[in-house]
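The values are calculated or read from the model by the stated rules, or taken from the named source; none is laboratory data. What you are looking at is a predicted structure, and each value in this text was computed from that prediction instead of being measured. As a convention, Cβ positions derive from the backbone with ideal geometry for all residues, glycine included, and neighbour counts pool all protein chains shown. Surface areas here come from the heavy atoms of the whole protein model, side chains and all, with no ligands, DNA or RNA. Shrake-Rupley method; radii C 1.70, N 1.55, O 1.52, S 1.80 Å.
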Amino acid sequence: MISSITLMIIFSAFSPLLPSLGFRSLGTEKSEFEQVGFERFSGIVADGDSNTLSVYLTLAVGICLLFYIYYQKKIYILYPVPLIILIGIAGSRTGIIALVVMLLVFFALVKNQHSSRTKIQLLLFLPFIVVVSIPFFELIINRFELINEQFDMNSTSNRIGKWALYVTFLWQHKTYLLTGARSELLISWDSQYYSAHNAFITITYNSGLVFSLAFLTSIGQLIWFSYKNKMYEHLMISIPSFILMNTVSDLGIIYSMLLFSIILIRNRFFFEYRNFRAKMGNPEKMKNALVTSP
């Protein structure tokens, strides 16, 4: 996990150099403020998608916070600093929304015997993170000022417009809801195929509504199961991934979600088992462990 995060930090930080070094990456993506030098770093995730990169970084921040609770090692509280900076220079509104939601889940729901002390430490460390990272968030702040353009139903240059176009097209060709479309939907001025920027709409367009609903149901069940069984740590992984699936067509985040989920399950089990063993010598603590351990 540490190797994965470290390599992603290195590749993402050197995004502008990746194409010239022969990597399959866009390097940087154009933004609305390209004329003043703002470009979005995209790394090597999904051949260079800054939104997917931002949510990967968000998952990495979440796993580091959880591991700091488990092991109290400084490395896990230091890693979020470059990760949050990279979210800023990726310029993804989806990424920053996913980060905020993930942090809300962490501070509001995640609890264990070390969490209260750890959360206080993190809050004390927060001003340092803000001071270091806020200069890199200028692009995201500027892009949020233009977010009202994303709700223009008469344009296909934003997500809402693309979703409406695809939904209208599928509704006009209802057989495609069962079979999937047989040709690309050309919706731009230069006859280029536009991504729907929504994984579920894309699955419906390519394969039909049955597959899309099955996939959506599976993700919904995963989130509900985690919440119902108070496995809030897993919500820090699954909810940001779900947010991304609603804003991009690429499903590459699933690989990262599975990687972090497997590592989280393994380490949470080890953490609970270690504490359970530590309490076995104390009857009162043993009684509490049997009641509170998942």
Original post:
Of the residues S3, S20, S25, which is open to solvent by less than 60 Å² (accessible area, probe 1.4 Å) and small (G, A, S)?
Top reply: S25
**OP:** Return yes or no: is Y76 open to solvent by less than 40 Å² (accessible area, probe 1.4 Å), in contact with a Leu (Cβ under 8 Å, 6 or more places away or on another chain) and more than 19 Å from I253 (Cβ to Cβ)?
**Re:** yes
Original post:
Any residue at all in segment 23-32 that is over 14 Å from the mean Cα position of the chain (by Cα) and in a helix (DSSP H, G or I)?
Top reply: no
**OP:** Run down I63, I97 and say which single residue is crowded, with 22+ Cβ neighbours inside 10 Å and part of a helix (DSSP H, G or I).
**Re:** I63
**OP:** Collect the residues in segment 241-260 that are of a type in the set (F, W, Y) and surrounded by 18 or more Cβ atoms within 10 Å (Cβ to Cβ), keeping them in residue-number order.
**Re:** F242, F260
**OP:** Could you run through segment 43-61 and say how many residues are at pLDDT below 90 and either touching a Lys or Arg at 6+ places or on another chain (Cβ under 6 Å) or aromatic (F, W, Y) (or both)?
**Re:** 2
Original post:
Restricting to helices (runs of 4 or more DSSP H) lying wholly in segment 139-246: which have 3 or more residues that are over 19 Å from L258 (Cα atoms) and modelled with pLDDT of 85 or more?
Top reply: 159-172, 176-179, 199-207, 209-228
